[in-house]
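Take a look at the structure set out below.
Each value in this text was obtained by applying a stated rule to the coordinates, not by laboratory testing. Everything numeric in this text was worked out from a predicted model, so none of it was measured. Every residue, glycine as well, gets a Cβ built from its backbone with ideal geometry; the counts of neighbours run over all protein chains shown.
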Amino acid sequence: MMTREMMEEIFEGYCVRYDMDWYEVFDGDLFESVMTEIATAEGLTPDDGDLLDVLLDRDPVFAEWYEEMAGDL
């Protein structure tokens, strides 16, 4: 399982790479890429189902991190 810091590092990488604020990446199409990278690092594949649902169900660290950002949005 990934740590929160690892997830944030991936997420921040997308923000920097695309010169976007966190909420633009989180609320946009790029977040799918963020989730895919996190899921892949955790050994999941798109064949496992909707990545957001799978990550929320299987990874409490991801769920907490995601819910905090959603709340801040």
Checklist entry - Residues in the stretch 15-73 that are aromatic (Phe, Trp, Tyr) and over 12 Å from the mean Cα position of the chain (by Cα): how many? => result 2
Next on the checklist: Looking only at the stretch 32-50, how many residues end up being in a helix (DSSP H, G or I) and either at positive phi or free of Cβ contacts under 8 Å to residues at least 24 places away in the same chain (or both)?
Outcome noted: 9
Checklist entry - Does the stretch 51-73 hold any residues that are surrounded by fewer than 11 Cβ atoms within 10 Å (Cβ to Cβ) and not in a helix (DSSP H, G or I), and which are they? => result Leu73
Item to check | Filter result (surrounded by fewer than 14 Cβ atoms within 10 Å (Cβ to Cβ) and assigned to a helix (DSSP H, G or I)) within the stretch 9-31 | outcome: Glu9, Glu12, Gly13, Val16, Arg17, Tyr23
